[in-house]
Amino acid sequence: MKICIANDHAGYELKCQIFDYLNNHGYDITDLGCHGKESVDYTEFAYKAAKDVADKRYDFGIIICGTGLGVSMVANKVKGIRAAVCTNEFMAKMAREHNDANVVCMGARVIGLGVAKGIVDAFLETGFDGGRHKARVDNIMRVEEN
Ligand code: RB5
């Protein structure tokens, strides 16, 4: 499984911690930046991660900003992306089981490291349930065509 992670200045510290956590757990994870706490525009980094996931360079993306909101808005504009802002493990599990999300967004000003670890664990370890959810996800993607 190949994963990319991206962030803005507000998400930098949590990104570093989550990168180390997943790297130490054997995940193939690529850091797409930004690489410091100096103010940057989150749109650039969110777009890069989302586009790379849409282009199948990675299976999943993790994007972190202050709230998770701005980066999720950017990511969801990219064709093929289903980005979910998650603030707890349950949301992350449901984002995979019901929505087949391929990007998880988190807010470093909203959650702490412990919760963030739980979210990425749940997101990366949970599969899509398919079944009745498949038609709904297909409908989501059909909206992109119109
Ligand atoms: C940066 O100050 C902040 O606006 C950004 O990290 C994010 O929360 C936007 O949605």
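Quick notes on this one:
- Within segment 94-101, one or more residues are charged (D, E, K, R), assigned to a loop (DSSP other than H, G, I, E, B) and away from the ligand (no atom under 16 Å from the Cβ).
- Residue match in segment 22-44 (condition: among the polar types (S, T, N, Q) and touching a Gly at 6+ places or on another chain (Cβ under 7 Å)): no
- Residues of segment 112-140 classified as under 18 Å from Asn7 (Cβ atoms), open to solvent by less than 40 Å² (accessible area, probe 1.4 Å), away from the ligand (no atom under 16 Å from the Cβ) and in contact (Cβ under 8 Å) with a residue 40 or more places away in the chain, total: 3
- Filtering Ile3, Ile18 for residues that are touching a residue at least 12 places away in the same chain (Cβ under 8 Å) and not in a helix (DSSP H, G or I) leaves a single hit, Ile3.
- Test result for His35, more than 19 Å from Val120 (Cα to Cα) and more than 12 Å from the ligand (Cβ to nearest atom): yes
- When the residues of segment 1-39 are filtered to those that are surrounded by fewer than 18 Cβ atoms within 10 Å (Cβ to Cβ) and of a type in the set (A, V, I, L, M, F, W, C), the one that is farthest from Asn76 (Cα to Cα) is Cys16.
- Leading residue by the ranking (nearest to the ligand (Cβ to nearest atom)) among those in segment 64-92 that are out of contact with any helix residue (DSSP H, G or I) (no Cβ under 7 Å at 6 or more places or on another chain) and either assigned to a loop (DSSP other than H, G, I, E, B) or over 17 Å from Ala108 (Cα atoms) (or both): Thr67
- Single condition Arg109 does not satisfy, out of (1) within 12 Å of the ligand (Cβ to nearest atom); (2) surrounded by 17 or more Cβ atoms within 10 Å (Cβ to Cβ): (2)
- Residues in segment 40-63 that are within 14 Å of the ligand (Cβ to nearest atom) and open to solvent by 20 Å² or more (accessible area, probe 1.4 Å): 7 in all.
The values are calculated or read from the model by the stated rules, or taken from the named source; none is laboratory data. Bear in mind the structure is a predicted one, so any value in this text is a computation, not a measurement. Note: ideal-geometry Cβ built from the backbone for every residue, glycine included; neighbour counts use all protein chains shown. Calculation scope for accessible area: heavy atoms of the full protein, side chains included, ligands and nucleic acids excluded. Shrake-Rupley method; radii C 1.70, N 1.55, O 1.52, S 1.80 Å.
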